[in-house]
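Following: one structure in structure tokens, then a few remarks.
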Amino acid sequence: MDRRRSIHHHIISYLFPSSSSILCLCISFLVLLFTTNTNALVKLPENTTVPAIIVFGDSIVDAGNNDDLITEARCDYPPYGIDFDGGVPTGRFSNGKVPTDILAEELGIKPTIPAYRDPNLRQEDLLTGVTFASGGAGYVPLTTQIAGGIPLSQQLKFFEEYIEKLNGMVGQERTTFIITNSLFVIICGSNDIANNFFSLPTTQLQYSVASFTALMAHNARSFARVKSQRYLEH
């Protein structure tokens with residue numbers, strides 16, 4: 001239990017050191033992901049195992065969780081997916097794969113990370129990770145309400161369901177190993193800036209750029225803490 005808490009605090013301090021660094025970290029991640037030679041894109045330390053990738057966030061890493069929602073933030077129609085296997089739309093906000101698909105492939109986990117709400121999700125896919133991300137989601141609740149996506153709070157509830165399903169499939173010990181050693185990816189925030197702060201005069205009346213980004217950073221930290229606590233409760 002103490003080890004889990006230690007990992008939890010290390011992850012939070014690493015991911016969210018300050019409000020001004022969040023955007024830089026996200027941009028750096030994406031730049032490195034797409035500009036590095038793919039033959040050596042991801043290198044893990046020796047004797048390190050990443051059994052699964054578990055994803056939260058917005059459209060950048062959504063793989064189809066919005067497909068059955070009444071929202072404009074969905075991409076289950078052409079030309080989306082034109083370069084994906086089979087050339088069909090999958091709900092990804094992309095012509096092909098999204099960043100976490102590429103990451104999973106480079107880590108040798110599996111070719112793509114499926115959407116948790118995909119009705120065709122296979123049980124074995126739970127063992128190697130899913131994405132709970134939803135197009136339009138933001139750190140600020142109003143942002144997600146505007147888009148009609150799945151808020152981060154609900155994504156956490158899906159995460160709880162996910163843990164229960166893993167427990168039922170492989171037992172507590174294996175579930176603990178998977179969750180403790182998995183790579184957690186949270187990509188969010190662009191909708192808060194584009195669709196909330198710079199689109200709503202009422203938001204700009206209430207917040208300055210500095211105070212709004214501080215709110216985003218606070219909510220990001222809170223999300224990470226709650227996610228870790230939900231796991232510890234299981």
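The values are calculated or read from the model by the stated rules, or taken from the named source; none is laboratory data. In this text, all values refer to a predicted model and were calculated from it rather than measured experimentally. So basically every Cβ, Gly included, is an ideal-geometry build from the backbone, and we count neighbours across all protein chains shown. Side chains included, ligands, DNA and RNA excluded: accessible areas come from the protein's heavy atoms. Shrake-Rupley method; radii C 1.70, N 1.55, O 1.52, S 1.80 Å.
Calculated FRET efficiency, residue 211 to residue 164, Cβ-Cβ distance, R0 = 45 Å: about 0.70 to the nearest 0.05. Can you send over the carbon and sulfur percentage of the accessible area for the range 53-225, probe radius 1.4 Å, protein chains only? Using a 1.4 Å probe with all protein chains present, the range 53-225 comes out at 55 percent carbon and sulfur. Oblate is the label for the range 53-225, because a/c, from the alpha-carbon gyration tensor with a ≥ b ≥ c as root eigenvalues, is 1.5 or above and a/b does not exceed b/c.
Contact order for the range 53-225, expressed relative to its length and based on alpha carbon pairs under 8 Å spaced 6+ residues apart, stands at 26 percent. Once the C-beta distance of residue 198 and residue 124 is scaled by a Förster radius of 41 Å, the resulting FRET efficiency is 0.45 to the nearest 0.05. Judged by the ratio a/c of the largest to the smallest principal axis of the C-alpha gyration tensor, the range 95-146 counts as prolate, that ratio being 1.5 or greater while a/b is larger than b/c.
Under a 5 Å amide H cut-off, with hydrogens placed 1.01 Å from N, residue 97 pairs with nothing among residues at least 5 apart or on other chains.
Heavy atoms of the protein chains alone define the surface here; on that basis the range 69-158 has 45 Å² accessible area per residue at 1.4 Å probe size.
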